[in-house]
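I have placed the structure first, in the form of structure tokens, so that the comments after it can refer back to it.
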Amino acid sequence: MLQSFLPLFLMTFFICLFIVLMQFLWRYIDDLVGKGLGIDVISELFFYAALTMIPLALPLAILLASLMTFGNLGERFELTAMKAGGISLVRVMKPLIALMIVIAIGAFFFQNYALPIAQTKMWTLLYSMRQKSPELEIPEGVFYDQIPGFNLFVESKNRETGVLNNMMIYDMSSGFDNARIIMADSGKLAFSSDQTNLYLMLWKGELFENLRQVGINATNSPYRREQFDSKDIIIKFDANFNRMDEEGMRNQYVGKNIAELQHTIDSVNVRVDSISRIYAHEILSAPVVGVARNKSEYVDGKMVNIPIKDITLSKPVDIDSVFHGENTGEYINCLNNAVTIAKRNRQEFEFKSFMQEEDTKTIRRHGIEMQKKFTLSMACIIFFFIGAPLGAIIRKGGLGMPLVISVFLFIFYYIIDNTGYKLARDGHWIVWQGMWLSTAILLPLGIFFTYKAVNDSAIFNRDAYLIFFRRLIGMKETRNVSMKEFVMEDFDKNTAIEKINDVAAMTTTLLDSAPARPSYKEFWQGGYNRLLIHQLTAAVDSTIEYISTSRDKRIVNRLNALPVLRSLLLYQPNAYKPLANAFLIILPLGFPIYILGKKQQAEFREDLTATREVLRQIANELVTQDNPTHNP
């Protein structure tokens with residue numbers, strides 16, 4: 001089993017890792033292109049990105065590999081041979097279950113120790129690349145604005161010598177009011193030796209400069225015009241790749257292990273609780289309608305706040321009487337002052353709550369990262385117990401069908417996992433509830449597939465579902481009795497006739513047990529005994545099985561004419577007496593059901609009558625075979 005599984009697992013793992021790595025590249029391609037980055041830097045970024053993508057690729061690889069492994073075994077009937085030899089599916093899975101436990105433990109340690117380092121280095125590299133200046137490539141015929149503070153226009157350039165022709169430069173480095181415009185017939189760009197400055201050499205041109213700072217109080221601002229044969233300009237432009245310090249990213253939640261995450265959560269919780277107590281004390285001690293809640297007194301030479309006991313009013317305060325005798329202006333002024341004070345207090349406490357929200361968000365982020373250390377290991381085990389039984393059930397190997405099923409299941413898992421993550425991140429759910437949502441949904445699915453595979457249940461059998469839905473909606477079925485190619489022993493005609501007579505008697509009993517056209521009251525208080533229906537169905541099937549060994553094609557064809565008897569709920573409504581009595585009394589609800597049930601009972605009587613008639617014809621056929629002169 002390990003020899004079959006491990007090559008497929010390694011192949012699918014690297015394929016899945018490559019796919020998610022390409023997704024990473026497409027997402028951050030704009031931060032990498034046009035920066036003049038070296039192969040070593042890009043390779044380092046992709047290496048750390050591949051490590052951070054392992055938690056995404058590993059469960060998908062396990063699901064796909066287990067599907068392919070057990071699908072191949074089922075398609076080649078090796079699972080059938082194992083089961084025939086007394087080896088159960090659980091015993092077949094034991095080596096891989098042990099391997100999954102090892103992988104889950106390894107995934108936990110990887111998440112706790114290796115992943116924080118990889119994420120720290122990857123995000124540090126990515127942010128450093130974003131800060132790097134783009135590679136200097138001056139286009140022709142358009143303005144180039146990638147040099148900070150400058151807009152550069154070049155009509156044409158000589159690619160062999162690097163000379164730029166007909167140049168126009170807008171220098172905004174000193175602000176818009178002090179802009180300079182430089183026009184030159186030609187020029188050339190070069191970097192300083194340390195790649196931190198841009199050296200611009202210009203020939204035959206003019207410079208226009210605004211001198212507003214000189215005559216700032218003047219009505220007309222002076223400017224300066226300069227003509228030159230050659231001019232050199234030095235522009236600060238750092239073209240080097242400067243790696244950021246990793247310490248800043250190391251202090252983020254992505255760069256911490258479980259112990260560090262828990263320490264941060266505890267520390268921030270202590271701060272939140274302390275600040276909350278201070279805010280709560282401020283709210284409780286704030287004056288109410290101008291009445292202080294505390295009074296200050298000296299006790300043993302120290303100023304202390306003593307709470308004032310609440311005053312119980314004998315009756316509610318009449319607000320209108322408070323303003324009685326005041327003029328309208330003073331009344332409105334009091335109300336406006338009260339609204340202003342209330343709004344100010346509300347804004348103050350909302351600002352304090354916003355300050356605390358950042359700490360709460362930090363706690364949630366660290367809690368989510370801590371739960372991720374465990375959810376990956378659980379996802380690996382669950383996906384194995386989904387993929388392995390499912391492969392044994394569908395019995396399709398190769399890469400086609402397993403790939404389709406794996407992608408569908410993984411998309412389902414990814415949507416649920418992302419939903420739970422966002423609910424936990426935004427504070428709508430508790431962190432552990434959101435992060436374990438996908439596990440809570442997929443674990444029963446894995447148990448269900450494993451149970452079905454161990455018990456050899458064909459959950460993808462189309463005929464079984466068709467029969468179920470036919471019975472659910474009450475569709476009629478047809479019999480399919482065929483001539484047997486080989487018969488060991490002929491049936492006894494007298495025994496067959498006895499069986500037919502017994503079935504006919506049971507059919508007559510059922511027909512007489514209920515009226516052909518029941519009234520509304522008779523329908524809800526009567527009906528056909530469903531126990532007798534099941535007994536009759538079993539007797540009919542037994543009789544058909546006994547007579548189907550006949551060598552007479554006419555008799556076999558008549559067996560196909562026997563209707564398949566159904567056992568619908570409305571054949572016997574009074575089986576559930578409290579519910580039947582309720583529908584009997586509530587006429588608007590019971591009447592539509594009565595119409596439907598009456599139609600079903602009429603069809604059932606037709607089936608019973610047809611069963612009795614066909615069996616009578618078969619009995620006559622059997623009698624005729626023994627006595628050719630007999631007139632049926």
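The values are calculated or read from the model by the stated rules, or taken from the named source; none is laboratory data. Since the model is a prediction, treat every value here as computed from it, not as a measurement. All Cβ positions, glycine included, derive from the backbone under ideal geometry; neighbour counts span all protein chains shown. Heavy atoms of the whole protein, side chains included, go into the accessibility calculation; ligands, DNA and RNA do not. Shrake-Rupley method; radii C 1.70, N 1.55, O 1.52, S 1.80 Å.
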Select from region 227-275 the residues that are in a strand (DSSP E or B), at pLDDT below 85 and open to solvent by less than 80 Å² (accessible area, probe 1.4 Å) and list them in ascending order. Ile233, Ile235
Check whether at least one residue in region 588-598 is under 46 Å from the mean Cα position of the chain (by Cα) and within 19 Å of Thr509 (Cα to Cα), and report yes or no. no
Counted residues in region 307-333 being surrounded by 10 or more Cβ atoms within 10 Å (Cβ to Cβ) and either under 23 Å from Asn345 (Cα atoms) or modelled with pLDDT of 70 or more (or both) come to 6
Quick one: in region 185-200, which of the residues that are of a type in the set (S, T, N, Q) and modelled with pLDDT of 75 or more is least open to solvent (accessible area, probe 1.4 Å)? Ser186
Pairs where the first residue, in region 269-282, is under 16 Å from Phe351 (Cα atoms) and the second is open to solvent by 60 Å² or more (accessible area, probe 1.4 Å) and at pLDDT 80 or above, C-beta under 9 Å, 6+ apart: Tyr279/Phe349; Glu282/Phe349
Within region 553-564, the residues that are part of a loop (DSSP other than H, G, I, E, B) and open to solvent by less than 30 Å² (accessible area, probe 1.4 Å) are Leu562, Pro563
Give me the pairs: first residue in region 602-626 and modelled with pLDDT of 85 or more, second residue small (Gly, Ala, Ser) and in a helix (DSSP H, G or I), beta-carbon distance under 6 Å, and six or more apart or on different chains, which are they? Arg612/Ala504; Leu615/Ala504
Please determine whether any residue of region 515-525 is within 15 Å of Arg612 (Cβ to Cβ), at pLDDT 85 or above, open to solvent by less than 50 Å² (accessible area, probe 1.4 Å) and out of contact with any strand residue (DSSP E or B) (no Cβ under 7 Å at 6 or more places or on another chain). no
Only one of these is within 30 Å of Pro116 (Cβ to Cβ) and crowded, with 20+ Cβ neighbours inside 10 Å: Ile386, Ile441. Name it. Ile386
Which listed residue is assigned to a helix (DSSP H, G or I), at pLDDT 85 or above, among the hydrophobic types (A, V, I, L, M, F, W, C) and open to solvent by 50 Å² or more (accessible area, probe 1.4 Å), from Leu579, Leu532: Leu532
Going through region 398-444 one residue at a time, which ones are more than 15 Å from the chain's Cα centre (by Cα) and either in a helix (DSSP H, G or I) or among the small types (Gly, Ala, Ser) (or both)? Gly398, Gly400, Met401, Pro402, Leu403, Val404, Ile405, Gly427, Val431, Trp432, Pro444
Screening Pro592, Pro588 for residues that are modelled with pLDDT under 80 and either buried (at least 17 other Cβ atoms within 10 Å of the Cβ) or more than 15 Å from Arg479 (Cβ to Cβ) (or both) leaves only Pro588
Given (1) open to solvent by 50 Å² or more (accessible area, probe 1.4 Å); (2) touching a residue at least 24 places away in the same chain (Cβ under 8 Å), index of the condition Thr120 fails: (1)
Only one residue in Val431, Val454 is modelled with pLDDT under 85 and not polar (S, T, N, Q). Which one? Val454
It is to be established whether one or more residues within region 349-369 are within 30 Å of Ile15 (Cβ to Cβ), surrounded by 12 or more Cβ atoms within 10 Å (Cβ to Cβ) and either out of contact with any Gly (no Cβ under 7 Å at 6 or more places or on another chain) or touching a residue at least 24 places away in the same chain (Cβ under 8 Å) (or both). yes
Of the residues Ile54, Ile97, only one is modelled with pLDDT of 90 or more, under 22 Å from the mean Cα position of the chain (by Cα) and of a type in the set (Val, Ile, Thr); which? Ile54
Could you identify the single residue in Glu160, Glu137 that is assigned to a loop (DSSP other than H, G, I, E, B), modelled with pLDDT under 85, exposed (fewer than 14 other Cβ atoms within 10 Å of the Cβ) and in contact with a Gly (Cβ under 8 Å, 6 or more places away or on another chain)? Glu137
Among all residue pairs at least 6 apart or on different chains, which show Cβ distances below 9 Å where the first residue, located in region 388-405, is farther than 22 Å from Ile97 by Cα and touching a residue at least 60 places away in the same chain (Cβ under 8 Å) and the second is open to solvent by less than 10 Å² (accessible area, probe 1.4 Å) and not in a helix (DSSP H, G or I)? none
Those residues that are free of Cβ contacts under 8 Å to residues at least 40 places away in the same chain and within 27 Å of Thr439 (Cα to Cα), I need them from region 57-93; list them, please. Arg91
Does Glu155 count as surrounded by fewer than 13 Cβ atoms within 10 Å (Cβ to Cβ) and modelled with pLDDT of 80 or more? yes
Do you know which residues across region 201-221 are within 15 Å of Arg180 (Cα to Cα) and modelled with pLDDT of 80 or more? Leu202, Gly205, Glu206, Leu207, Phe208, Glu209
Sole residue being open to solvent by less than 40 Å² (accessible area, probe 1.4 Å), of a type in the set (Gly, Ala, Ser) and closer than 19 Å to Pro59 by Cα, chosen from Ala424, Ala379: Ala379
